[in-house]
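Encoded as structure tokens, the structure appears first; notes follow it.
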Amino acid sequence: MGVGGVRFSYFSPDDVELLRQRVFELLERRGVRLAPQEEVLGRLARAGAEVDRDSGSVRFPRRCLEELLEQAPRRFELGALNPERRLEIPRPGGGFHLRTGTGAPGWLDPESGRHRPLTLADAAAWARLISRLPEIDFGAFPFPNDAPPATADVHALKTLLQNTDKHVWIQPYSVASLDFLIELASAAAGGEAGLQKNPLVSFIACSLTPLEFKTMDLEVILKASRLGLPIHACSLPSAGGTAPITLPGLVVLASAEIMAMAALAQACRPGCPVIAAPIVFSLDMRSGRSRQSSAEAMRAAAAAVQFIRAAFDLPTHTYGSGTDALSPDGQSLAERALLGLLAGLSGADILGGAGQLESATALSPVQLVIDNELAAVLRRLLAGPAVDDETLAWADLLAAAPGSHFLTTQHTLRHCRDGLDPRIMASPDREAWERAGRPDLVSRALEICRAEMGREVETPLGQAAVNELEAIAARADRWLQA
């Protein structure tokens, strides 16, 4: 195992140092451009950045950037309605936390397998399934097509808060809805003070690659940081499109955008938790489509995670699930297995995209069940074994006679239940499989969907809090649709 939990690296130490210098140089010489937001620009200027208010250009002298990045915490917690669901960053003992896909407008119906627009009822079932699957650590809300477009994110967040007790990742859809999203989270947490103490939501802020930031994401950073809510500083480069097609150039660009956001968050509130999130795509030069799970996109995402951990020691978040495939088929399983293992080996703290298909534009409950089990396998693969006389079976090895076996030893008895016990990846004998109608992986996952999606989930929300969430959503509808 390498430094910081990284098992391998695309970059040598000399490469890391060169790329790190280039990130500092890019932000000092080229800088970034910000939408006009006077409070943010003022805070950056007071922190030592070179700010041109007329153009929105911000350059970060190296000392200024280093001082701001030093203030970002390396350890913190993602809260949850259920205190037992809180997540430590980094994960104790190493490994990753797994989140679901976000923002998808499409739904793959588990019974028919057909693609259709996702609804609020689907979002509620999705949240219940998130709650019931033990390897899914937190959820993000999808796009409900039957909600008013101006308040779709408000209704989606309300639905998740009412149906899961796990942490929720928020992707705002507009500046206007941001205050209502924070109000919903505060109501669920028992007020702003409760939300600051128990950050049961975190926010994503995205760059407009290359090196630009729009008003909504500046507002996200400003308002989330005021409450000390964790911010996923996300760069979304597309290799060959919005970013250099070569891996080192893409990694430098993505890292520079993320460091600018991390610095901005610290200028707004020192100590605000920031998670570096390089979410990388590649542009298919034949079709013009954006691909999430091409070999180029996987490699670049893993390389960006490795570099950011080595050069800046920030927690990281990238896709570790998801696919370009349209259904939970063999391509989907192969792509997400490769992606998850590569991102996990690279040391990512959070793997995103569980349950998503079609380059993050559709969600599948069946796929989420499969991803739940795949995550358990990945965690077992990535876990380093303890090495001592007990795990060496040292006493048994010394006593072993030629031709003997270990089936009946006390050591085997003590550890015979240590192995992973799969639910849907189990291998029955052929006769039993034939009698059952030859069920495949998707069929077995569907059975779990049927069992779990209809089960109500008790959340710590009382009726008063539920009523308040409904009132906030109704008020958002009146204000934002006017």
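The values are calculated or read from the model by the stated rules, or taken from the named source; none is laboratory data. In this text, all values refer to a predicted model and were calculated from it rather than measured experimentally. For neighbour counting, all protein chains shown are included, and Cβ atoms are generated from backbone atoms with ideal geometry for every residue, glycine included.
Which of the residues belonging to segment 139-165 are under 15 Å from residue 104 (Cα atoms) and assigned to a loop (DSSP other than H, G, I, E, B)?
141, 142, 143, 144, 145, 146, 147
Of everything in segment 166-200, what is crowded, with 22+ Cβ neighbours inside 10 Å and either among the β-branched types (Val, Ile, Thr) or not in a helix (DSSP H, G or I) (or both)? Give them in sequence order.
166, 167, 168, 169, 170, 172, 182, 199, 200, listed by residue number.
Considering only segment 324-331, I want to know if a residue exists there that is in contact with a Cys (Cβ under 8 Å, 6 or more places away or on another chain), modelled with pLDDT of 95 or more and of a type outside the set (Gly, Ala, Ser). So that I can check it myself, show each step before the final result.
First pass over segment 324-331, keeping only residues in contact with a Cys (Cβ under 8 Å, 6 or more places away or on another chain): none.
No, because not a single residue in segment 324-331 is in contact with a Cys (Cβ under 8 Å, 6 or more places away or on another chain), modelled with pLDDT of 95 or more and of a type outside the set (Gly, Ala, Ser).
If I ask for residues that are surrounded by 12 or more Cβ atoms within 10 Å (Cβ to Cβ) and part of a helix (DSSP H, G or I), which ones from segment 453-466 would you list? Lay out the reasoning, then the answer.
Step one: filter segment 453-466 for residues surrounded by 12 or more Cβ atoms within 10 Å (Cβ to Cβ), giving 453, 457, 459-461, 465-466.
Selection gives 453, 465, 466.
Please tell me if residue 275 is in contact (Cβ under 8 Å) with a residue 60 or more places away in the chain, hydrophobic (A, V, I, L, M, F, W, C) and over 19 Å from residue 65 (Cβ atoms). Break it down into steps so the answer makes sense when it comes.
Numbers: in contact (Cβ under 8 Å) with a residue 60 or more places away in the chain: yes; hydrophobic (A, V, I, L, M, F, W, C): yes; over 19 Å from residue 65 (Cβ atoms): no.
For residue 275, the condition - in contact (Cβ under 8 Å) with a residue 60 or more places away in the chain, hydrophobic (A, V, I, L, M, F, W, C) and over 19 Å from residue 65 (Cβ atoms) - is not met.
Does segment 30-39 contain at least one residue that is of a type in the set (Lys, Arg) and either under 30 Å from residue 197 (Cβ atoms) or touching a Cys at 6+ places or on another chain (Cβ under 8 Å) (or both)?
First, pick out the residues of segment 30-39 that are of a type in the set (Lys, Arg): 30, 33.
Imposing the further condition that a residue be either under 30 Å from residue 197 (Cβ atoms) or touching a Cys at 6+ places or on another chain (Cβ under 8 Å) (or both) reduces the set to none.
There is no residue in segment 30-39 that is of a type in the set (Lys, Arg) and either under 30 Å from residue 197 (Cβ atoms) or touching a Cys at 6+ places or on another chain (Cβ under 8 Å) (or both).
So which of 277, 233 ends up being more than 20 Å from residue 11 (Cβ to Cβ), within 20 Å of the chain's Cα centre (by Cα) and either assigned by TED's automatic domain parsing to the domain that holds residue 97 or not small (Gly, Ala, Ser) (or both)?
None of the other options fit; the residue is 233.
Pick from 304, 267: which is in the same structural domain as residue 99 (by TED's automatic domain parsing) and closer than 15 Å to residue 339 by Cβ?
Result: 304 is the single residue among 304, 267 that is in the same structural domain as residue 99 (by TED's automatic domain parsing) and closer than 15 Å to residue 339 by Cβ.
Of the conditions (1) within 25 Å of residue 123 (Cβ to Cβ); (2) in contact with a strand residue (DSSP E or B) (Cβ under 6 Å, 6 or more places away or on another chain); (3) in a helix (DSSP H, G or I), residue 352 fails just one. Which one is it?
Here residue 352 meets the rest and fails (3).
Find all pairs meeting these conditions: Cβ atoms under 9 angstrom apart; at least six residues apart or on different chains; first residue within segment 383-405 and surrounded by 10 or more Cβ atoms within 10 Å (Cβ to Cβ) and at pLDDT 90 or above; second residue aromatic (Phe, Trp, Tyr) and not in a helix (DSSP H, G or I).
Going by the 9 Å Cβ cut-off, the qualifying pairs are 393/406; 396/406; 400/406.
Give the number of residues within segment 8-36 that are crowded, with 19+ Cβ neighbours inside 10 Å and polar (S, T, N, Q).
1
How about segment 201-225: which of its residues are in a strand (DSSP E or B), in contact (Cβ under 8 Å) with a residue 24 or more places away in the chain and of a type in the set (A, V, I, L, M, F, W, C)? First the steps, then the outcome.
Restricting attention to segment 201-225, the residues satisfying the condition of being in a strand (DSSP E or B) are 201-206, 208, 212-213.
Of the ones still in play, those that are also in contact (Cβ under 8 Å) with a residue 24 or more places away in the chain are 201-206, 212-213.
Result: 201, 203, 204, 205, 206, 213.
Strands (runs of 3 or more DSSP E) wholly in segment 245-329 with at least 1 residues that are within 26 Å of residue 42 (Cβ to Cβ) - which ones? Step through it out loud before you land on a result.
Values: elements: 274-278, 281-283, 317-319.
Hits in segment 245-329: 274-278.
Working carefully through the options 121, 127, find the one that is outside any loop (DSSP other than H, G, I, E, B), in the same structural domain as residue 378 (by TED's automatic domain parsing), surrounded by fewer than 16 Cβ atoms within 10 Å (Cβ to Cβ) and at pLDDT 95 or above.
Numbers: 127 fails: surrounded by fewer than 16 Cβ atoms within 10 Å (Cβ to Cβ).
Answer to the check: 121.
Tell me, which residue of segment 452-472 that is small (Gly, Ala, Ser) and over 26 Å from the mean Cα position of the chain (by Cα) is farthest from residue 425 (Cα to Cα)? Walk me through how you get there before you give the answer.
Going through segment 452-472, the residues small (Gly, Ala, Ser) turn out to be 454, 462, 464-465, 471.
Filter once more, so that each one left must be over 26 Å from the mean Cα position of the chain (by Cα): 462, 464-465, 471.
Values: 462: 38, 464: 43, 465: 40, 471: 44 Å.
Applying the filter and picking the extreme gives 471.
What are the pairs, 6+ residues apart or on separate chains, where a residue within segment 54-77 that is loosely packed, with under 13 Cβ neighbours inside 10 Å and among the β-branched types (Val, Ile, Thr) has its Cβ under 9 Å from a residue that is in a strand (DSSP E or B) and at pLDDT 95 or above?
none
Only one of (1) buried (at least 22 other Cβ atoms within 10 Å of the Cβ); (2) outside any helix (DSSP H, G or I) fails for residue 228. Which number is that?
(1)
Take the residues of segment 145-165 that are touching a Ser or Thr at 6+ places or on another chain (Cβ under 6 Å) and surrounded by 23 or more Cβ atoms within 10 Å (Cβ to Cβ): which is modelled with the lowest pLDDT?
Filtering first and then ranking leaves 164.
Out of 281, 213, I need the residue that is at pLDDT 95 or above and among the aromatic types (Phe, Trp, Tyr). Which one?
Numbers: 281 fails: at pLDDT 95 or above.
Of the residues listed, the single one that is at pLDDT 95 or above and among the aromatic types (Phe, Trp, Tyr) is 213.
Consider residue 103 carefully, then state whether it is of a type in the set (Gly, Ala, Ser), closer than 21 Å to residue 206 by Cα and not in a loop (DSSP other than H, G, I, E, B). Outline the logic, then answer.
Working: of a type in the set (Gly, Ala, Ser): yes; closer than 21 Å to residue 206 by Cα: yes; not in a loop (DSSP other than H, G, I, E, B): no.
No: the conditions fail for residue 103.
Just checking: which of the helices (runs of 4 or more DSSP H) contained wholly in segment 363-448 hold 3 or more residues that are more than 19 Å from residue 323 (Cβ to Cβ) and not charged (D, E, K, R)? Write out each step before concluding.
Numbers: elements: 365-382, 394-399, 410-415, 430-435.
Where helices (runs of 4 or more DSSP H) fall fully within segment 363-448 and carry at least 3 residues being more than 19 Å from residue 323 (Cβ to Cβ) and not charged (D, E, K, R), they are 394-399, 410-415.
Taking the condition of being touching a residue at least 24 places away in the same chain (Cβ under 8 Å), buried (at least 17 other Cβ atoms within 10 Å of the Cβ) and charged (D, E, K, R), how many residues in segment 437-452 meet it?
Adding up the residues that qualify gives 1.
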